[in-house]
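Scroll down for the structure; my scribbles are underneath it.
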């Protein structure tokens with residue numbers, strides 16, 4: 001991503017994420033506080049545990065994956081724009097299969113058509129390593145790689 005096109009990135013200390021991130025109520029067994037303070041703003045922290053609170057739905061779309069990158073594009077048009085503006089951070093609630101885990105370590109980008117059951121958030125917040133994506137999705141069940149997509153544009 002070029003710096004001239006990069007959305008405003010929020011600087012959040014690691015300590016803030018651990019102290020103010022998702023806290024769990026042991027009695028109810030669910031995440032209650034998934035917000036952090038940054039620059040005077042209250043922002044949603046899109047961890048897999050926090051994302052899992054949202055309604056489960058069926059997703060079909062495109063997964064762009066490479067080392068430290070895991071983005072979901074709902075449509076091929078979103079992907080073909082060549083911009084992260086249409087991307088969601090894609091995370092797994094549980095440890096993915098060995099096959100999927102190996103893809104997360106790829107040295108170069110690949111794109112797959114995928115389907116899964118999961119949750120999505122578009123609340124302004126912190127999603128993925130860039131913290132500047134449109135939102136986040138978390139895979140809960142039935143992650144299926146349909147096919148590898150060739151000839152995809154570079155993402156800025």
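The values are calculated or read from the model by the stated rules, or taken from the named source; none is laboratory data. Predicted, not measured: the structure shown is a model, and the values here were computed from it. For neighbour counting, all protein chains shown are included, and Cβ atoms are generated from backbone atoms with ideal geometry for every residue, glycine included.
General remarks:
- Scanning segment 112-123 turns up one or more residues that are in contact with a strand residue (DSSP E or B) (Cβ under 9 Å, 6 or more places away or on another chain) and part of a loop (DSSP other than H, G, I, E, B).
- Top-ranked residue of segment 121-131 - restricted to ones that are more than 9 Å from the chain's Cα centre (by Cα) and crowded, with 18+ Cβ neighbours inside 10 Å, ranked as modelled with the highest pLDDT: 121
- Residue check, residue 108 farther than 21 Å from residue 50 by Cα and touching a residue at least 24 places away in the same chain (Cβ under 8 Å): yes
- Scanning segment 132-146 for residues being closer than 19 Å to residue 54 by Cβ and crowded, with 16+ Cβ neighbours inside 10 Å gives a total of 9.
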